[in-house]
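Accompanying notes for the structure given below.
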Amino acid sequence: MRIVGLIGILALAAPALVISQGRPTLAFRGDAGFVWVRSDTAPAGAGAIRLRGPVLGGEGRLVFKGFSVGLGLSSGTLEAADQGTAKRDLIEGRLLVAARPLPWLEMSVGPFVRAYVTDAVTERWVFWQARARADAPIVTSGLTSYVELWRAVSSQVNLVAGAGRVQGGEAGVTYRPPKRPFSLRLAYRVDDAAVRGGGDGSQMLEAISLSVLVGER
């Protein structure tokens, strides 16, 4: 409950922070990646579904001194990893409010939506994420590593059992070429979600992505 309260305070304070920080700058990120999904959230006896496929996405941010507001979106078509005929469109979107209390630490919060769409039905997950990210240089200042962990403080899914634990993490490296206005990033992430009751079903999403970043974040 304390975490939820802090999130609420941050969300309410965001407009005032934006005004107080003055003129913002813009930052963009474009992503190309590949996703693997293993899901057994279907009714009992249906078995696990394994899907994979490419995704494209991006994120834009308004960046202030030590503070930013961002919007991200990605989508792709996933097909069965074996000889099955399963096929789903994956759509992900998130809105975030982020702060940097230290130069190497970013903390953010905001809603995240993930949908698996077929002709017959849409499976939709909606949750509020609390995230923490730590950056660390590698050898030179142009090469940086990072680790980011997150956990849902509130979650919903349009499945009969309802949403349970939802959490995940990401790790990667970022390279900024000398005298260039952009950076390159290679990242791996894993998200783990469970329906209510723990043993009633779970879903794991893994992704690897290559990104181009423009602007300070």
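The values are calculated or read from the model by the stated rules, or taken from the named source; none is laboratory data. It should be emphasised that the depicted structure is a prediction, and the values quoted were computed from it without experimental measurement. Cβ: placed from backbone, ideal geometry, glycine included. Neighbour counts: every protein chain shown.
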Residues of segment 84-98 being more than 15 Å from F34 (Cα to Cα) and either buried (at least 18 other Cβ atoms within 10 Å of the Cβ) or of a type in the set (D, E) (or both), in sequence order, are R94, L96, V97, A98
Within segment 54-84, the residues that are closer than 15 Å to E106 by Cα and touching a residue at least 60 places away in the same chain (Cβ under 8 Å) are R61, V63, S68
Going through segment 46-72 in order, the residues found to be under 25 Å from I208 (Cβ atoms), among the β-branched types (V, I, T) and at pLDDT 95 or above are V55
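Applying the selection to segment 177-186, what residues are over 14 Å from F28 (Cα atoms) and either in contact with an Asp or Glu (Cβ under 9 Å, 6 or more places away or on another chain) or outside any loop (DSSP other than H, G, I, E, B) (or both)? Don't jump to the end; show me each part of the working.
Just the residues of segment 177-186 that are over 14 Å from F28 (Cα atoms), to begin with: 177-180, 186.
Result: L186, single match.
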Taking segment 121-176 and the residues there that are modelled with pLDDT under 90 and part of a loop (DSSP other than H, G, I, E, B), the one that is surrounded by the fewest Cβ atoms within 10 Å (Cβ to Cβ) would be V139
Residue pairs qualifying under the 8 Å Cβ cut-off, at least six apart or on distinct chains, with the first in segment 135-162 being closer than 30 Å to A194 by Cβ and of a type in the set (G, A, S) and the second being part of a loop (DSSP other than H, G, I, E, B) and modelled with pLDDT under 95, are A161/T41; A161/R196; A161/G197; A161/D200; A161/G201; G162/R196
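When you scan segment 87-96, do you find a residue that is part of a strand (DSSP E or B), modelled with pLDDT of 95 or more, under 18 Å from G215 (Cα atoms) and not polar (S, T, N, Q), even just one?
Start the filter on segment 87-96 by keeping residues that are part of a strand (DSSP E or B), which leaves 87-96.
With the extra rule that they be modelled with pLDDT of 95 or more, the set shrinks to 89-96.
After this cut, where a residue has to be under 18 Å from G215 (Cα atoms) as well, the list is 96.
Okay, now just the ones that are also not polar (S, T, N, Q), so 96.
Yes, that holds for at least one residue.
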